[in-house]
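Where a number appears in this text, it was derived from the coordinates with a stated rule and is not lab data. Note that the structure is a prediction, hence the values are computed from the model and not measured. Cβ coordinates were reconstructed from backbone atoms using ideal geometry, including for glycine residues, and neighbour counts include every protein chain displayed.
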Amino acid sequence: MDYTQGRGRILANVEVAPDHYRMEIEAPFVPERALPGQFVMVKVTDGLAPVLRRPFGIYTINEARGSFEMIYRVVGEGTRLLSEMADGVDIDVLGPLGNGFNLDLAGDQPLIVAGGVGVPPLFSLAQGLIGKGKKPVVIIGGRTADDLLSLDAFRAIGIEPLLATEDGSSGYKGYVTAIMEERLDDGKIPSAVYSCGPKLMLRRVGEIAMSRGIPCELSLEAIMACGFGVCLGCVVKTCSSDGSSEHDFSRVCCEGPVFDAKEIIWDEA
Ligand SMILES: Cc1cc2nc3c(=O)[nH]c(=O)nc-3n(C[C@H](O)[C@H](O)[C@H](O)COP(=O)(O)OP(=O)(O)OC[C@H]3O[C@@H](n4cnc5c(N)ncnc54)[C@H](O)[C@@H]3O)c2cc1C
């Protein structure tokens, strides 16, 4: 993996929705090499604790500014500390890490399905696809309207996302997968599906795509300590590559976070 550990500088750290922040970090070694779907590990304090960096998907890649953005939800101590970091402060960054999405898979009419904080890496994917002359259909879901991230950013690049919320506060009342299935039943068959979000959503998106023979890539999350393949804390079960065993273990940080849906063996619910 071609990554760098270095100092970045926080250009902005703004609350964009309740408990959700967008952080822009100047760290030219990331945008120089980053691909949609890759991630960074950032240290949330200059102090000793917490000692481990935290992983975040890359939301935008701004080569001209030498910066990238990420969007994160405050869920625990690390993200709380991150939300308190001020503009202009230095931050330790490791990246870009992992394997991104395969844009060559997209075909004529790619479909992007995003849930919650799964939106950020899919926005950089949408930008990448538009750069290749494709116009993806985008479905975004969350528990409530407040969880629907980056809608204006998608609109600014000419995409009007289809929305789903569990409580019906915005768009369709229900899951993103219901919109996906309805479109397929209407004969709107995508050439490829890309998805990132909660595990149950990813599993269902993969099942729907595979049942129709549609190529599908899923970006997984796992709790990880190092981010570069050493700690093995983030392994998931994947199909055996040579048939010599029941399954393989793949590291979300190195072989992922993006996997072909066909490779993943989901734990029993
Ligand atoms: C490749 C990758 C990309 C990610 N991208 C984003 C992103 O773009 N935006 C974003 O908000 N979050 C993202 N995450 C999740 C993010 O890393 C965690 O939410 C964060 O590390 C939690 O740190 P904390 O110290 O605040 O929480 P902790 O105190 O460590 O944990 C609080 C809660 O969050 C859960 N948690 C901790 N780490 C993870 C994790 N890696 N994945 C899922 N749940 C976790 C814990 O189980 C616990 O319930 C990503 C994770 C991975 C692996």
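Of the candidates Val93, Val119, Val75, which one comes out as most mobile in a Gaussian network treatment of the chain with C-alpha springs shorter than 10 Å?
Of Val93, Val119, Val75, the Gaussian network model singles out Val75 as fluctuating most.
So which GluC sites (Glu not before Pro) in the stretch 1-79 pass both tests, a DSSP loop state and at most 15 other Cβ atoms within 10 Å of the Cβ?
Counting only loop positions with at most 15 other Cβ atoms within 10 Å, the GluC sites (Glu not before Pro) in the stretch 1-79 are Glu32, Glu63.
Take the alpha-carbon positions of the stretch 50-124, form their convex hull, and give its projected area averaged over all directions (one quarter of the hull surface) in nm².
Convex hull of Cα atoms, orientation-averaged projection: 6.6 nm².
Write out the chymotrypsin sites (Phe, Trp or Tyr not before Pro) in the stretch 220-269 meeting two conditions: DSSP loop, and at most 14 other Cβ atoms within 10 Å of their Cβ.
Trp266
Throw me the Rg/Rh for the stretch 4-97, computed over C-alpha atoms with Kirkwood Rh, two decimals.
In the stretch 4-97, Rg relative to Rh is 0.92.
Tally Lys/Arg at +1 and Asp/Glu at -1 over every other residue whose Cβ is under 9 Å from the Cβ of Tyr21; what's the total?
0
Select from the stretch 47-151 those trypsin sites (Lys or Arg not before Pro) which occupy a DSSP coil region and have at most 15 other Cβ atoms within 10 Å, ordered by residue number.
Arg65, Lys132, Arg143
Placing +1 at every Lys and Arg Cβ and -1 at every Asp and Glu Cβ, with all other atoms neutral, what dipole size does the stretch 222-269 have around its Cα centre, in debye to the nearest 20?
Numbers: 3 positive and 8 negative charges, 40 e Å.
I would put it at about 200 debye.
Using the Cα gyration tensor of the stretch 222-269, with a ≥ b ≥ c the square roots of its eigenvalues, what is the shape: rounded (a/c below 1.5), prolate (a/b larger than b/c) or oblate (neither)?
Here the stretch 222-269 falls in the prolate category.
Once you charge only the Cβ atoms, +1 for Lys and Arg and -1 for Asp and Glu, what is the size of the charge dipole of the chain about its Cα centre, to the nearest 20 debye? Present the calculation step by step, with values, prior to reporting the outcome.
On the way: 25 positive and 37 negative charges, 47 e Å.
It works out to roughly 220 debye.
Which of the aspartates and glutamates could be linked to Lys173 by a straight reach, that is with a Cα gap under 17 Å, when you skip same-chain ones fewer than 8 residues away?
Within reach: Asp146, Asp147, Glu181, Glu182.
Let me check I have the definition right: for the chain, take the eigenvalues of the Cα gyration tensor, multiply each by 5, take square roots. What are those semi-axes in whole Å, largest first?
28, 23, 18
Let me know the shape class of the stretch 135-190, please: from the alpha-carbon gyration tensor, a ≥ b ≥ c as square roots of the eigenvalues, rounded when a/c is under 1.5, otherwise prolate if a/b is greater than b/c, or oblate.
Oblate, since a/c reaches 1.5 and b/c is not below a/b.
Mind running the shape call on the stretch 1-157? Use the C-alpha gyration tensor, a ≥ b ≥ c as the square roots of the eigenvalues: rounded below 1.5 for a/c, prolate if a/b tops b/c, oblate otherwise.
Oblate shape, in that a/c is at least 1.5 and b/c is the bigger or equal ratio.
Within straight cross-link reach of Lys132, meaning Cα distance under 27 Å, which lysines are found once same-chain residues fewer than 8 apart are removed?
Within the straight-line cut-off, Lys132 pairs with Lys188, Lys262.
What is the order of His20, His247, fewest Cβ neighbours within 10 Å to most?
Listed from fewest to most nearby Cβ atoms, that is His247, His20.
With the convex hull built on the Cα atoms of the stretch 66-193, state its orientation-averaged projected area in nm².
Result: a mean projected hull area of 9.5 nm².
Return the FRET efficiency for the residue pair Arg212, Ala49: r is the Cβ-Cβ distance, R0 is 51 Å, and the value is rounded to the nearest 0.05. If you can, show how the numbers build up before the last one.
Details: r = 48 Å, r/R0 = 0.94.
For R0 = 51 Å, the calculated efficiency reads 0.60.
Taking the Cα centre of the stretch 1-151 as the origin, how large is its charge dipole in debye, to the nearest 20, when only Lys and Arg (+1) and Asp and Glu (-1) carry charge on their Cβ atoms?
Magnitude of the dipole: close to 280 debye.
Rounded to the nearest 0.05, what FRET efficiency is calculated for Val89 and Ile189 with R0 set to 45 Å and r the Cβ-Cβ distance?
Working: r = 48 Å, r/R0 = 1.07.
Efficiency at R0 = 45 Å is approximately 0.40.
When the helices in the chain are scored as -39500 (n - 2.57) per DSSP H run of 4 or longer and the sum is shared across all residues, what 222 nm value do you end up with, to the nearest 500 deg cm²/dmol?
Working: 5 runs with 49 residues, N = 269.
The helix contribution divided over the chain gives -5500 deg cm²/dmol.
Of the beta bridges DSSP finds with both residues in the stretch 52-157, what % are antiparallel, to the nearest 5?
If we restrict to bridges inside the stretch 52-157, about 40 percent are antiparallel.
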